[in-house]
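The values are calculated or read from the model by the stated rules, or taken from the named source; none is laboratory data. Quick caveat: nothing in here was measured; it's all calculated off a predicted structure. Here the Cβ is made from the backbone with ideal geometry for all residues, glycine too, and neighbour counts use every protein chain on show.
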Amino acid sequence: MIDNGRRNLLRGAATLAVAAPVLATGGVALADPPRKGREPENLTDLQTEIKTYKSSGAWDTQIAAVADEALTYLKHRLRHGVRKPAVVFDIDDTALSTYDEETGTSTITGSGFGYYGPLWNYWAYEVKEFPAIAANLELAKYALGAGVDVFYVTGRRESTATSLNPSTFATTKVTIRTETIADLNAKGYTVADDAHLYLRPTGDTNASVVPYKSGARASIEAKGYDIVLNIGDQRSDLDGGHADRAFKVPNPMYKISWSGVAEAPGPGASATSSRTTSAKPGTSGWSVPCAQASATRSGSASVSGTQARSGRA
Ligand SMILES: [Mg+2]
């Protein structure tokens, strides 16, 4: 049972967590430069910290706080009437958790917080061992039940992929679209049809995923939808506008760079960020009042950079 004081603290933390990355400007080096004589954080200690973050329930609690804020906003908007409402979900570490692949389980080898495409593909497309993130699943179910169209915009590619069984070393060719739809449906997310799943085109070689993701949202809007909320675990899921509000859930495991520069340290939901930045025109803003929401849906991607690991996003 959470008392009101703790609940308010939780909500405050979630608001800070979401506002900071959404309002940050692109192209600005946010990470603190190395100080002379300062040793970087120990990698093993950081991995242990992430595991504790997961096992303690703190990670899930922070995700739930973000999802709760998003749900509150969605309900508020629906009460006031939205023509053709839609919500957009990222998939990896937003709809589904890849934590078990990062760390491994007793039966399947993990990547040790690294990334090896064929092994990741095995988890994602063959054994499909990425569980649904409960709070975000509930948000998706509520949206669907309320007549809202749910779209998935993912960095997974519109292509086939090679899956490697780490026990037998057997490889399998999988079709990413087919397996992704089957998996989302099996986990409780409903993919209405092919048009509700955006996969990154094979030929998209842009260093940043932002133009593709914001372009997908623009495509949804061009069909007459009002994207009430957009939720993801990376800034690159949220930058570029074309959503009334953007919500970022925490993910300390890896970073999909959106601009090729260092980002603010710590997990997305870190409530300890003291960095203050101003909103960038065209960027979805957490602080946009409902009455002005529709006026903000005109952003265009304006950042570029590198995406070190293209398998997940
Ligand atoms: Mg993701």
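Residues in region 61-81: is at least one under 19 Å from Phe113 (Cα atoms) and either crowded, with 16+ Cβ neighbours inside 10 Å or modelled with pLDDT under 95 (or both)?
No, because not a single residue in region 61-81 is under 19 Å from Phe113 (Cα atoms) and either crowded, with 16+ Cβ neighbours inside 10 Å or modelled with pLDDT under 95 (or both).
Read through the list (1) buried (at least 16 other Cβ atoms within 10 Å of the Cβ); (2) in contact (Cβ under 8 Å) with a residue 40 or more places away in the chain; (3) part of a helix (DSSP H, G or I); (4) not polar (S, T, N, Q), then give the number of the only condition that Val150 fails.
So Val150 meets the others, but not (3).
What are the residue pairs meeting all of these: first residue in region 71-96, first residue on the phi < 0 side of the Ramachandran plot and part of a loop (DSSP other than H, G, I, E, B), second residue among the polar types (S, T, N, Q) and within 16 Å of the ligand (Cβ to nearest atom), Cβ atoms under 8 Å, and 6 or more apart or on different chains?
Filtered contacts from region 71-96: Asp90/Thr154; Asp90/Gln234; Ile91/Thr154; Ile91/Thr180; Thr94/Asn136; Ala95/Asn136.
If I go through region 137-178 residue by residue, how many of them are among the small types (Gly, Ala, Ser), more than 16 Å from the ligand (Cβ to nearest atom) and in contact with a Gly (Cβ under 9 Å, 6 or more places away or on another chain)?
If we filter region 137-178 for residues that are among the small types (Gly, Ala, Ser), which is where we start, we get 140, 143, 145-147, 155, 159, 161, 163, 167, 170.
Filter again for more than 16 Å from the ligand (Cβ to nearest atom), leaving 143, 145-147, 159, 161, 163, 167, 170.
In the following step, the residues that additionally are in contact with a Gly (Cβ under 9 Å, 6 or more places away or on another chain) were identified as 161.
Total satisfying the criteria: 1.
Among the numbered conditions (1) farther than 24 Å from Thr61 by Cα; (2) out of contact with any Lys or Arg (no Cβ under 9 Å at 6 or more places or on another chain); (3) modelled with pLDDT of 95 or more; (4) more than 16 Å from the ligand (Cβ to nearest atom), tell me where Gly114 comes up short.
Of (1) farther than 24 Å from Thr61 by Cα; (2) out of contact with any Lys or Arg (no Cβ under 9 Å at 6 or more places or on another chain); (3) modelled with pLDDT of 95 or more; (4) more than 16 Å from the ligand (Cβ to nearest atom), only one is false for Gly114: (3).
Please work out which one of (1) out of contact with any strand residue (DSSP E or B) (no Cβ under 8 Å at 6 or more places or on another chain); (2) under 27 Å from Glu221 (Cα atoms) is the condition Glu129 fails and give its number.
Going through (1) out of contact with any strand residue (DSSP E or B) (no Cβ under 8 Å at 6 or more places or on another chain); (2) under 27 Å from Glu221 (Cα atoms) one by one, Glu129 breaks only (2).
Checking Ser167 against (1) part of a strand (DSSP E or B); (2) at pLDDT below 95, only one condition comes out false. Which one?
(1)
May I ask you to say which residue of Ala218, Ala132, Ala195, Ala140 is closer than 21 Å to Gly232 by Cβ and surrounded by fewer than 14 Cβ atoms within 10 Å (Cβ to Cβ)?
Ala195
In this structure, does Phe130 turn out to be at positive phi and at pLDDT 95 or above? Working first, answer last.
Working: at positive phi: no; at pLDDT 95 or above: yes.
So Phe130 fails the test.
Are any residues in region 104-148 over 19 Å from the mean Cα position of the chain (by Cα) and closer than 26 Å to Asp45 by Cβ, and if so, which ones?
Those that are over 19 Å from the mean Cα position of the chain (by Cα) and closer than 26 Å to Asp45 by Cβ: Gly104, Thr105, Ser106, Ile108, Thr109, Gly110, Ser111, Gly112, Tyr116, Leu119.
State which residue is surrounded by the fewest Cβ atoms within 10 Å (Cβ to Cβ) when the search covers only region 221-241 and only residues that are in a helix (DSSP H, G or I) and more than 16 Å from the ligand (Cβ to nearest atom).
Ala222
Just give me the residues in region 242-261 being buried (at least 24 other Cβ atoms within 10 Å of the Cβ), of a type in the set (A, V, I, L, M), over 9 Å from the mean Cα position of the chain (by Cα) and at pLDDT 95 or above, in sequence order.
Hits for region 242-261 are Ala243, Ala246.
From the set of residues in region 83-97 that are farther than 19 Å from Arg200 by Cα and crowded, with 19+ Cβ neighbours inside 10 Å, which is farthest from the ligand (Cβ to nearest atom)?
My answer is Pro85.
Only residues that are more than 21 Å from Asn136 (Cβ to Cβ) and without any contact (Cβ under 8 Å) to a residue 12 or more places away in the chain: list them for region 172-192, please.
Thr178
Cβ-Cβ under 9 Å, sequence separation 6+ or interchain: first residue in region 215-240 and free of Cβ contacts under 8 Å to residues at least 40 places away in the same chain, partner part of a loop (DSSP other than H, G, I, E, B) and within 12 Å of the ligand (Cβ to nearest atom). Which pairs?
Once the first residue is free of Cβ contacts under 8 Å to residues at least 40 places away in the same chain and sits in region 215-240, no partner that is part of a loop (DSSP other than H, G, I, E, B) and within 12 Å of the ligand (Cβ to nearest atom) comes close enough.
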